[in-house]
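Colleague: This structure is in C-alpha cells; I'll ask about it shortly.
The values are calculated or read from the model by the stated rules, or taken from the named source; none is laboratory data. Values in this document were obtained by computation on a predicted structure and should not be read as measured data. No Cβ is skipped: glycine too gets one built from the backbone with ideal geometry, and neighbour counts run over all protein chains shown. For accessibility, only protein heavy atoms count, side chains too; no ligands or nucleic acids. Shrake-Rupley method; radii C 1.70, N 1.55, O 1.52, S 1.80 Å.
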Amino acid sequence: MAKFERLFKKAKVEEYDIYTLKTTANDVQLRGFDIEAVREPIENVGHTVRVITREGGLVGMGASSCSSEKKLEGCIGRAKFLSTLNMQKIKYEFPAPKPLPRVDIVDAAIKEDPVTAVNEFTKAILGLVGEKPRSDRSIKPTFGKIRTYLSETSIENSSGIDCAKVETYFYFELALKVSDGTRIAEFWPRKYRRRISNINPEEEMPRWKKLAYDTLDAKGAPHGKFPVILNPESLCDALVSPVGFHSSGDQKFKNQTVFKEGDTVASEAVAMVDDGLLSYGLVSSPFDDEGNPQRRTTIIEKGVFKNCICDQQYAMALGRDPTGNGIKPLGILLNPLNKDTSPVRTALTNLSVKPGTMSLEEMIEDVKQGVLIDQFSWLNPDPFSSSFSSEIRNGYRIEGGEIKQPIKGGMVSGKVFDLLKDVGGISSRAHLESGASAFSIVSPYMKFNSVQVVGQ
Amino acid sequence: MSGELDKVYDIFEKVGSTLDGKVEYWDVLYDSQASCSIVKDKVDVKVSTPELEGVQLRAFKGGVWLTSSTHRVEKAAVADLAKRLIKPIEAPRRVIKLERLKAHRLDRPLPAKKSPRETPLEDKLEVVRDYHKLASSLDKRVINTRVVCIDSLIERAFANSEGSLMHQTVPRTRLVIVPIAREGDRIEADFLSKGRTGGFEFIDGLDMEGLCRKAVASSVELLGAKVPPSGELTVIADPGMAGIIAHESFGHGLEADQVMRDRSYLAALVGKKVASEESTIVDSPVLEGGWGSYVFDDEGTPAKENVILDRGILKGFLHDRLSSSALGVPPTGNCRVESFLTKHFVRMSNTYFRPGDMALEELIEPVKRGVMLAHANFGMEDPLGGGIQCTSSKGYMIENGKIAGALTSVSLAGRVLDLLKNIDGASRDFEMSVGTCGKGSEDYVPAGDGGCYLRISKAMVSGG
C-alpha cells in the first residue's frame, strides 16, 4: 500500500493525488565582502492533495495543502469538500503509471555537504572579485546570495502512480559595483543552476567584471530601428512566456492561441524543442508534477509550429497524450521551497533553441549599426500579445561590425512574435540560462534584424 | 492558529531559555499563512486552499545574522535549531552593534467584518460565478473571462530577547477580472484588480456591474489600440502608475539596507531638494485598508507612517533594526519577510504620492502631444543606477489637450531624479492599487502603491 493510501480510504475518497515536497536549503548572504547573514537550515515540507468527486457526468476537483502529515486528514477532508462544490462538465482522470525516463538532476556536492559547498563557492567568488584590479577604477560586491536547495518530491495517486525523485538547485547572485571616484555603475548577475559546477567562477568573473567596468563608460542607447542581438539570459525572459503560452494545449482548447500546428510562426532558421529530459536542465525531471513522464516535444521546426504541450487535463480535453508539461512553475513568486502550493498548469520545461552556424563574433561582424544586450532591467512580455519593452541595463552599441560603445538606459521594445519572424542570425553555441521573469532556457545568442530601440 | 497561541508562546520560551546570554540578540517569528483561491474561466473553476506554517529563529552575533527556519512547529524541533545558532562565526570587516530597543507587548488583528475563514466557500464561489457570467455576457469579442478571488489570513507572533511579545493577524481579500478579447489573430487582455486588507465584506461592497463593464470595455478597447509612439513626450501617469513610480523608482533606493551596501544613488541626498514641489511620497503600513498594511513589522517594530519625500525634499530612509543601528536613527517599522522561509529585508508597505490640487482635466488641457499611462502592470528598481522602468497595460494618446485614442501597453524609462524634477502637476484624486513587491527577483511581499494623476513634462516612453 502506498504511504498515504490508508488516509484516503479512511476518508472514503476514491480518486485523489498527493504531491509532497520536502526541501532543505541553506545560504550565505553578503554585504560587500562581509557575510551579513548565514541561514542554515531552511527546511519546509508541503503536502498538496487533490480530490475528484463525480456525479453523473460532472466532475468536481478540490485542492488543499498543509505542512505536516499530522494535518493530512483535515487537508483531505477539505479537498473532498471543495470537490463537491464545483461540479462541472470537464474531463479529468488522474494519470496511470507509465515507464519513467532517467534524468540527471542531482549535484552530489550539494547532496553530500551543502554548507561546505556554499562556503567554498563564497570564498572563491569573493577572492576573484579582488583579483587583477584595474588601477583606474575600483570594483567591489555590494550584496550577494549563494544558496543551495535539496528537494525530495513524491507523487501518489489513486490510479497507481507512486513515484519519487531527489533534485538539487544552486542559486547565485552578486551585484558588482565599479567606481572611478566620480561615477558609479553595476553589473548584477543572477542565476539558477542544478549544480554548483555549472557556474565556473574563474571563467565567468572576468566577463562580469568587464561588463561592470564597461558600464561605467556607458552612454544612452541610440534611437531607431536596428539589428539587436540578445544573449541567452534575455532570450529566456523574451521567449519562454509567450512561446509557452501560445504552445500550450489549454490555450488551444480555449481558442486563446495564435499558434496553429502547421503554420509558419518564425524565420526558417528557428527551431525550438521543449526538452524535459535535458541533463541538469532546471525543469528536467523523470515526471511532471502530475506524475506523467517528461519528454522532448518539438515546438517549432524550420519556423513552423509543430506541437502543443499538454498537461493531463487539456490532453484529455483535446483527445491527445499528455506531454509531461503539467508543471508547478518556478520563477516569479515561487521557489523550490514552496512550489508545492502552486496549482499545476501547462508550462514549458526547458525551452531549447537550436544553435545556428555562426559564432557570436561573426554575428556581430554582420551588423553595421546595432545593439547587443547583456542584461535588461526586467523583460516580462505580455503572454497574450507578446508585446514587450524593457530598459537596457548593460549592453553595447555595435558599429561597423565591432563592439564600440557600452550603453545603459533607453529601451528595446516590440512584439516577440514579430522578432521571431525577423531572425537574422543564431550563434553556434547554446548556453543553459535562467532569466528574471522566466525560469529555463538552453539557447544561443540570436540576432533580430530590425527592432525598435528607444534612446535619446 | 487561534487556540494554539499558547503552544507557540511555549516554543518562544524554549528558544529564550536556549539562547539567552549566548548571543547578543535573538528573535523568533511564528508565521501562518492560509488562503483560499478560486479561479474561474469558461472551462472550469479551480478551488484551492494552500497553507504555509513555520517558525524562523534569528540570532545576532558579532555583526552577523544567524538564521534557521522550520515547518516543524514543535518545541523540541525548534529548540534543536536554536542550539545550532550558538556557533562561532567569522567576524565581518565592519562589525555593527545592534542597538537595544524597548520591548513591546501587542496583540492586535487588522479588522475583517466577514473573516476569510468564516465566510462560507459556497458564498465565495457564487460571487465568482456571478462575476464570470456577467463579464462573459457583455461583448461577443470576449472569448473568455478569468475571474480570480483570493483571500488570505496571515498570522504572525513574535518574541525577542528584549522581552517583546507580539501577535497580529492580517486578512487580505482581492478580486481580479481578466476579460480576454479576440478579433482574428489579435488577442488582447486587460485586467481589473481590486483588493484591500479586510474580509469578504470588501467584495460585497463592490459594484459588480460597473466593474465588469469597465473591465470588458478596457480589454475590447485594446483590440483597436495603436502601438504607442517612442521617444520623449509629456506623460500623464494614472494613480496606479504614480504608485509604481513612487515604489520602484524612489522607494527601493530609500531602503536603508541599500545604503549599507553602498548601493543607493540617494544616499548623499537626504535633506536636499531632489524633486519638484508637487512631489510628496509617503510609505505607510498604517494606511487603512492598504494592501501592504500591518500592525508591526517582522522584527517587532510597531508600524507607522513615514514621509520619505516632502514637497520635493528627501526626508530619510526606510529602516530595519540593523540599518537604523548602523545609521544612528530609530527603526521605521519596515522590516518584512515573505514567509518564515525567507530572509528579513527592509521593505516598503503602502507607498504613494500625496494628491495635489488640480483636476485631471487641468493636467491634460495644456498637453499638445503626450501619452497617458493607465493600468499599472509592473516595474523594476535600479537602486544603484537611479534608473526607472515602469510598464502600464495600456495607454492613451493625448493631442491638443484631449484624449485622442487608446494605445497598447506603454513603458516609461529614464533617470528617476530627472523624472521627479519634471513632475509639474498632481491631481486631487487618490487611489491605491494592489501589488506584490520583490527585493531584486525574490522575497515577495504584499505592497500597496498609488496616489494621484501626475503630469511629467518630459519622459522617455515606448510601446511595452
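Colleague: Which net charge results when you count Lys and Arg as +1 and Asp and Glu as -1 among the other residues whose beta-carbon is under 12 Å from that of A:VAL453?
Modeller: Around A:VAL453, the charge tally is +1.
Colleague: Given the C-alpha centroids of region A:64-99 and region B:15-85, what is the distance between them in whole angstrom?
Modeller: 26 Å
Colleague: What is the distance in Å between the Cα centroid of region B:273-333 and that of region B:124-192?
Modeller: First find each Cα centre; the distance between them is then 28 Å.
Colleague: Quick one: accessible surface of A:ASP136, probe radius 1.4 Å, all protein chains present, in square angstrom to the nearest 10.
Modeller: Ignoring ligands and nucleic acids, A:ASP136 comes out at about 80 Å².
Colleague: Something else: Quickly rank A:368-379, B:108-119 as a protection proxy: mean count of other C-beta atoms within 10 Å, highest first.
Modeller: The most tightly packed comes first, giving A:368-379, B:108-119.
Colleague: Between A:GLN405 and A:THR357, what length in nm is gained on full extension when 0.36 nm per residue of separation is reduced by their alpha carbon distance?
Modeller: Length gained, A:GLN405 through A:THR357: 14.6 nm.
Colleague: Where in region A:354-394 does accessible area fall by at least 40 Å² between the isolated chain and the complete protein assembly, at a 1.4 Å probe radius?
Modeller: Residues passing the criterion (a loss of at least 40 Å², heavy atoms only) are A:TRP378, A:PHE384, A:SER389, A:GLU391, A:ARG393.
Colleague: In region B:263-296, what GluC sites (Glu not before Pro) fall in a loop by DSSP, with at most 16 other Cβ atoms inside 10 Å?
Modeller: B:GLU277, B:GLU288
Colleague: For chain A, what does -39500 (n - 2.57) per DSSP helix run (n ≥ 4), summed and divided by total residues, give at 222 nm, in deg cm²/dmol to the nearest 500? Intermediate results must be reported in sequence, preceding the final value.
Modeller: On the way: 10 runs with 97 residues, N = 456.
Dividing the helical sum by the residues of chain A leaves -6000 deg cm²/dmol.
Colleague: A:GLY276's amide H: which non-local residues (gap 5+, or another chain) put their own amide H closer than 5 Å, with H modeled 1.01 Å from N in plane and none for Pro or chain starts?
Modeller: Residues meeting the amide H criterion: A:ARG295, A:ARG296, A:THR297, A:ASN350.
Colleague: Here's a follow-up. Under the definition of partner shielding as Cβ atoms of other protein chains within 10 Å of a residue Cβ, what is the mean value for peptide B:382-392?
Modeller: Mean partner shielding for this stretch: 6.
Colleague: Continuing with this model, one more query. What ranking, highest mean first, results for peptides B:425-435, B:197-207, A:244-254 when packing means the other Cβ atoms within 10 Å averaged over each residue?
Modeller: With the highest mean Cβ count within 10 Å placed first, the list reads A:244-254, B:425-435, B:197-207.
Colleague: So, one more: Angle check, please: helix A:72-85 long axis (alpha carbons) against the longest principal axis of chain A (alpha carbons), in degrees 0 to 90, nearest 10.
Modeller: Tilt relative to chain A: about 80 degrees.
Colleague: If you count, for every residue in B:433-443, the Cβ atoms of partner chains within 10 Å of its Cβ, what is the mean?
Modeller: The shielding value for this peptide is 3.
Colleague: Given a 1.4 Å probe and the protein chains all in place, what does the accessible area of B:SER69 round to, in Å² to the nearest 10?
Modeller: Rounded to the nearest 10, that gives 0 Å².
Colleague: How do B:ARG141, A:ARG102 rank by accessible surface area computed with a 1.4 Å probe, from largest to smallest?
Modeller: A:ARG102, B:ARG141
Colleague: For chain A, just say rounded, prolate or oblate: build the C-alpha gyration tensor, square-root its eigenvalues into a ≥ b ≥ c, call rounded for a/c under 1.5, and beyond that prolate if a/b exceeds b/c, oblate if not. Present the calculation step by step, with values, prior to reporting the outcome.
Modeller: Details: a/c = 2.44, a/b = 1.45, b/c = 1.69.
In terms of gyration-tensor shape, oblate.
Colleague: Now, a different point. Determine the share of region A:218-456's accessible area contributed by carbon and sulfur atoms, expressed in whole percent, with a 1.4 angstrom probe. Intermediate values should be presented prior to the final figure.
Modeller: Values: 3440 of 7430 Å².
Roughly 46 percent, rounded to a whole number.
Colleague: If you don't mind, there's one more thing I want to ask. How far apart, in nanometres, would the label points at A:GLU365 and A:SER197 be if each is projected 7 angstrom from Cα along the Cα-to-Cβ direction?
Modeller: Result: 3.5 nm between the two label points.
Colleague: Let me ask you something else. Lone cysteines in chain A, defined as no other cysteine's Cβ under 4.7 Å from theirs: which are they?
Modeller: A:CYS163, A:CYS236, A:CYS308, A:CYS310
Colleague: To continue, here is another question. Return one whole number: the accessible area per residue of the protein assembly as shown in Å², for a 1.4 Å probe. Mind showing how you got there, number by number?
Modeller: On the way: 32630 Å² over 920 residues.
Accessible surface, normalised per residue, equals 35 Å².
Colleague: Within a 10 angstrom radius of each residue's Cβ in B:113-124, how many Cβ atoms of other chains show up on average? Whole number is fine.
Modeller: Taking the mean over all residues of the peptide, I get 1.
Colleague: Using the Cα centre as the reference, give the magnitude of the dipole from point charges on the C-beta atoms of region A:218-456 (Lys, Arg: +1; Asp, Glu: -1; all else neutral), rounded to the nearest 20 debye.
Modeller: 320 debye
Colleague: Hey, what angle do you get for helix B:5-19 against the long axis of chain B, alpha-carbon based, 0 to 90 degrees rounded to 10?
Modeller: 60 degrees
Colleague: Could you sort A:193-204, A:151-162, A:290-301 so that the peptide with the highest average Cβ count within 10 Å comes first and the rest follow in order? Display every interim value, and only then the final one.
Modeller: Numbers: A:193-204: 16.0, A:151-162: 18.8, A:290-301: 21.7.
Ranked from most to least packed, the peptides come out as A:290-301, A:151-162, A:193-204.
Colleague: Hey, what did chain B get for relative contact order, percent, Cα under 8 Å, at least 6 apart?
Modeller: Result for chain B is 16 percent.
Colleague: Sticking with this one: Just to make sure I understand: if all protein chains stay in place, what is the order of A:LEU211, A:LEU150 by accessible area at 1.4 Å, largest first? Please list the in-between numbers first.
Modeller: Values: A:LEU211 10, A:LEU150 45 Å².
So, going from the largest accessible area down, we get A:LEU150, A:LEU211.
Colleague: Could you report the accessible area of B:TYR453 in Å², rounded to 10, computed with a 1.4 Å probe on the protein chains as they sit in the structure?
Modeller: Taking all protein chains as shown, B:TYR453 has close to 50 Å².
Colleague: Summing both sides, how much accessible area is buried between A and B? Use a 1.4 Å probe and give Å² to the nearest 100. Provide the component values of the computation, followed by the final result.
Modeller: On the way: alone 19780 and 19940 Å², together 32630 Å².
That pair of chains buries around 7100 Å² in total.
Colleague: Based solely on its DSSP helices, what 222 nm [θ] is calculated for chain B when runs of n ≥ 4 H residues each add -39,500 (n - 2.57) and the sum is averaged over all residues, nearest 500 deg cm²/dmol?
Modeller: Only helices count here, giving -5500 deg cm²/dmol.
Colleague: Using only the Cα atoms of chain B, build the gyration tensor, take square roots of its eigenvalues as a ≥ b ≥ c, and label the shape rounded, prolate or oblate: rounded if a/c is under 1.5, else prolate if a/b is larger than b/c, else oblate.
Modeller: It is oblate, given that a/c is not under 1.5 and a/b is not larger than b/c.
Colleague: Checking the a/c ratio against 1.5 first, then a/b against b/c, what shape does the Cα gyration tensor give for the protein assembly as shown? Display every interim value, and only then the final one.
Modeller: On the way: a/c = 1.18, a/b = 1.04, b/c = 1.13.
Rounded is the answer for the protein assembly as shown, as its axis ratio a/c remains below 1.5.
Colleague: On a 30 Å Cα-Cα criterion, which of the cross-link pairs A:LYS132/B:LYS343; A:LYS219/A:LYS415; B:LYS368/B:LYS421; A:LYS140/A:LYS219 come out too long?
Modeller: Working: A:LYS132/B:LYS343 33 Å; A:LYS219/A:LYS415 25 Å; B:LYS368/B:LYS421 20 Å; A:LYS140/A:LYS219 22 Å.
Over 30 Å Cα-Cα: A:LYS132/B:LYS343.
Colleague: Between the helical axis of B:75-84 and the dominant principal axis of chain B, each derived from Cα atoms, what acute angle in degrees is found, rounded to the nearest 10?
Modeller: 80 degrees
Colleague: Provide B:GLU209, B:GLU361 ordered by accessible surface of protein heavy atoms (probe 1.4 Å), highest first.
Modeller: From most accessible down to least: B:GLU361, B:GLU209.
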